[in-house]
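For reference, the structure discussed in these notes is given below.
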Amino acid sequence: MTFAMNILCIGAGYVGGPTMAMIAHKCPHCRVTVVDLNPERIAAWNSDELPIYEPGLDALVKATRGRNLFFSTEIEAGIRENDIIFVSVNTPTKSFGLGAGMAADLQYWEKTARQILEHSQSSKIVIEKSTLPVKTALAMERILNCRENGVHFDVLSNPEFLAEGTATRDLESPDRVLIGSREDARGLKARQTLVDIYAQWVPQERILTSNIWSSELSKLVANAFLAQRISSINAISALCEKADADVAEVAKAVGMDSRIGAKFLNASIGFGGSCFKKDILNLVYLCRHYGLDEVADYWESVVKINHYQQERFLRNMLDAMFNTLAGKKICLWGFAFKANTGDTRESPAIYIAHRLLEEHAEIVVSDPQALKNARLDLAGETGKISYVEDPSQAAKGCHAIALLTEWDLYRHLDFEKIYETMAQPAFLFDGRNLLDHRRCYDIGFNVYPVGKPPLTHF
Ligand code: NAD
Ligand code: UGA
């Protein structure tokens, strides 16, 4: 079968896989191939057990795979055979050399650019899907267009705004799609090609076009703003605990102001996920690079408050449980960085588990999707750790439950039964303010929410 357009995506991760599945679904005239250097990941994409858990993704992949969606490890052939190439490789924080711990590590990105150059025999549109420092497209263009052989590359920026757990919904109905390009004739033509792909299902008014640097920067800024809201409400949660105010009531009152808005004001144990921290640190690094130290300090404080919130949660546990956790069994409800994903990258649960083990507590980790990743994350820890999928079983014999991920299933458990099986006095630390605190208190728990007065029997 011949297709009107051949699209390649390099990088079959949390972004590459779902994004390309949606394009294949909405554009049956396009042949979409996703390649990755990790053969196990590709094998999983080609199996019944996809490498990531994401509601709605199984159905999407089943409907398109083998029809116009293909997963492969043949990167070089993919580059040769496709005219439009998305690059969605990982861009973690640099762990060595200049900018270590702050700047983006662009080694995977540059390797990909060189590979594209090496194996291209015709002109192509190359699209930055990964989140990158502003001006990366310039480096990409310089590498790609360094040869004078008639093969030309147009570089576009098309950052991805999906959130894990709601990826298929976000991709199907995005708030906006952003496409940045050079604004000369070639750049505008390439931009239009990508606009036409998204226009198959995204309303025109939601397809934003801009200059390429604005597009690159907007992605970092969007994540910084979202994370800043969480750090703002988390900072206020600390004050609420001192002032006997209720952070949920404060968030509601503040969020009803239409200029502020109600979303992303849930106080918590802090934000996790692979991107917020890395993207803010990247922004901070860029600001320092340009000599904007005050701006850098401002954004860096968002990450500092996030760390403070995680440590504060641990200290509240220690405080409540008579200043010692040694030998006590603590059950962790949830390990994923948020609900509806098995992803644990930068999950606050990793830090909290580590700190509990440092205090010589014994931990029982429970999560409906993330136990495999939790085992890997905690592999280097010393201390007593067990993994139990069923949350009620996991809590058996424990002195405390710490709810770390807002899985809906935790709302619907038999709390009377759970309470009876626990060591007394039983503690419940709700790091997501998910549960019915009054009810749990009435059953007998000593309940410690975030940013609300505790409900205790002492
Ligand atoms: P990921 O680690 O899940 O996937 C990246 C994939 O790229 C991996 O499978 C890796 O093997 C592959 N890869 C690396 N170098 C390669 C190469 N040279 N050739 C072929 N494959 C290669 O990462 P992700 O979560 O999908 O994130 C990708 C990018 O998208 C990052 O820049 C991230 O900041 C951004 N982003 C992520 C999310 C998210 O929710 N995870 C959302 C928006 C944007
Ligand atoms: C986030 C952004 O929401 C996406 O737009 C962006 O594309 C993505 O990062 C990225 O660039 O990787 P994601 O990290 O998947 O998406 O999930 P979010 O829903 O943003 O949650 C991030 C963290 O903040 C989670 O740990 C979540 O529990 C926490 N959070 C969120 C709160 O603590 N309070 C809130 O009110 C909202």
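The values are calculated or read from the model by the stated rules, or taken from the named source; none is laboratory data. On a predicted model such as this, the values are computed, not experimentally measured, just so you know. Quick reminder, even Gly has a Cβ in these numbers, built from the backbone with ideal geometry, and neighbours come from all protein chains shown.
The rows are residues; the columns are (1) at pLDDT 95 or above; (2) among the hydroxyl-bearing types (S, T, Y); (3) under 24 Å from the mean Cα position of the chain (by Cα).
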residue: N6; (1), (2), (3): yes, no, no
residue: M20; (1), (2), (3): yes, no, yes
residue: A44; (1), (2), (3): yes, no, yes
residue: A77; (1), (2), (3): yes, no, no
residue: K94; (1), (2), (3): no, no, yes
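Among the residues that make up segment 95-110, is at least one of them touching a strand residue (DSSP E or B) at 6+ places or on another chain (Cβ under 6 Å) and assigned to a helix (DSSP H, G or I)? Let's see the steps before the verdict.
Pass one, segment 95-110, residues touching a strand residue (DSSP E or B) at 6+ places or on another chain (Cβ under 6 Å): none.
There is no residue in segment 95-110 that is touching a strand residue (DSSP E or B) at 6+ places or on another chain (Cβ under 6 Å) and assigned to a helix (DSSP H, G or I).
Please work out if V155 is in contact with a helix residue (DSSP H, G or I) (Cβ under 8 Å, 6 or more places away or on another chain) and in a strand (DSSP E or B). Working first, answer last.
On the way: in contact with a helix residue (DSSP H, G or I) (Cβ under 8 Å, 6 or more places away or on another chain): yes; in a strand (DSSP E or B): yes.
When the stated conditions are applied, V155 passes them.
How about segment 99-155: which of its residues are away from ligand 1 (no atom under 16 Å from the Cβ), in contact (Cβ under 8 Å) with a residue 40 or more places away in the chain and of a type in the set (A, V, I, L, M, F, W, C)?
I125
Could you list, in sequence order, the residues of segment 180-202 that are part of a helix (DSSP H, G or I) and hydroxyl-bearing (S, T, Y)? Steps first, please.
Taking segment 180-202 as the starting set, the residues that turn out to be part of a helix (DSSP H, G or I) are 185-198.
Matches in segment 180-202: T193, Y198.
Mind checking which residues of segment 404-458 are among the aliphatic types (A, V, I, L, M), closer than 27 Å to A374 by Cα and part of a strand (DSSP E or B)?
Keep residues of segment 404-458 that are among the aliphatic types (A, V, I, L, M), which gives 404, 409, 413, 418, 422-423, 426, 428, 434-435, 443, 447, 450, 455.
Filter once more, keeping what is closer than 27 Å to A374 by Cα: 404, 409, 413, 418, 422-423, 426, 428, 434-435, 447, 450.
Once the filter is applied, which keeps residues that are among the aliphatic types (A, V, I, L, M), closer than 27 Å to A374 by Cα and part of a strand (DSSP E or B), segment 404-458 yields L428, V447.
Could you tell me whether segment 442-452 includes any residue that is farther than 20 Å from V364 by Cβ, touching a Cys at 6+ places or on another chain (Cβ under 6 Å) and either crowded, with 16+ Cβ neighbours inside 10 Å or at pLDDT below 95 (or both)?
Yes, that holds for at least one residue.
Hey, does segment 131-148 have a residue that's modelled with pLDDT of 95 or more and buried (at least 17 other Cβ atoms within 10 Å of the Cβ)? Before you say what the answer is, go through the steps one by one.
Keep residues of segment 131-148 that are modelled with pLDDT of 95 or more, which gives none.
Looking through segment 131-148, none of the residues is modelled with pLDDT of 95 or more and buried (at least 17 other Cβ atoms within 10 Å of the Cβ).
I need the full set of residues from segment 351-360 which are over 20 Å from the mean Cα position of the chain (by Cα) and crowded, with 24+ Cβ neighbours inside 10 Å, in order please.
First, pick out the residues of segment 351-360 that are over 20 Å from the mean Cα position of the chain (by Cα): 354-360.
Answer for segment 351-360, where residues must be over 20 Å from the mean Cα position of the chain (by Cα) and crowded, with 24+ Cβ neighbours inside 10 Å: just L356.
For A296, which of the numbered conditions (1) within 16 Å of ligand 2 (Cβ to nearest atom); (2) in a helix (DSSP H, G or I); (3) crowded, with 16+ Cβ neighbours inside 10 Å fails to hold?
The one condition A296 does not meet is (1).
Only one of (1) touching an Asp or Glu at 6+ places or on another chain (Cβ under 9 Å); (2) more than 30 Å from A361 (Cα to Cα); (3) within 13 Å of ligand 2 (Cβ to nearest atom) is not met by F271, so which one is it?
(2)
Can you tell me how many residues within segment 164-179 are within 15 Å of ligand 1 (Cβ to nearest atom) and either more than 13 Å from K129 (Cα to Cα) or assigned to a helix (DSSP H, G or I) (or both)?
11
Kindly provide the set of residues from segment 212-255 that are without any contact (Cβ under 8 Å) to a residue 40 or more places away in the chain and within 15 Å of ligand 1 (Cβ to nearest atom), ordered by number.
The one that is without any contact (Cβ under 8 Å) to a residue 40 or more places away in the chain and within 15 Å of ligand 1 (Cβ to nearest atom): F225.
Take residues that are farther than 23 Å from N158 by Cβ and more than 16 Å from ligand 2 (Cβ to nearest atom) and tell me which of the helices (runs of 4 or more DSSP H) falling wholly in segment 1-87 contain 2 or more.
Numbers: elements: 16-26, 39-45, 57-64, 75-81.
Fully inside segment 1-87 and qualifying: 39-45, 57-64, 75-81.
Taking segment 413-438 on its own, how many of its residues are of a type in the set (A, V, I, L, M) and either at pLDDT below 95 or over 19 Å from F313 (Cα atoms) (or both)? Spell out how you get there, then give the answer.
Our first condition is that a residue be of a type in the set (A, V, I, L, M); within segment 413-438, this holds for 413, 418, 422-423, 426, 428, 434-435.
Okay, now just the ones that are also either at pLDDT below 95 or over 19 Å from F313 (Cα atoms) (or both), so 413, 418, 422-423.
Looking only at that region, the number is 4.
Just checking, which of S258, S274 is part of a loop (DSSP other than H, G, I, E, B) and within 25 Å of E160 (Cα to Cα)? Before the answer, list the steps.
Values: S258 fails: within 25 Å of E160 (Cα to Cα).
None of the others qualify; the one that does is S274.
How many residues, within segment 324-352, are touching a strand residue (DSSP E or B) at 6+ places or on another chain (Cβ under 9 Å) and within 16 Å of S268 (Cβ to Cβ)?
Final tally of qualifying residues: 6.
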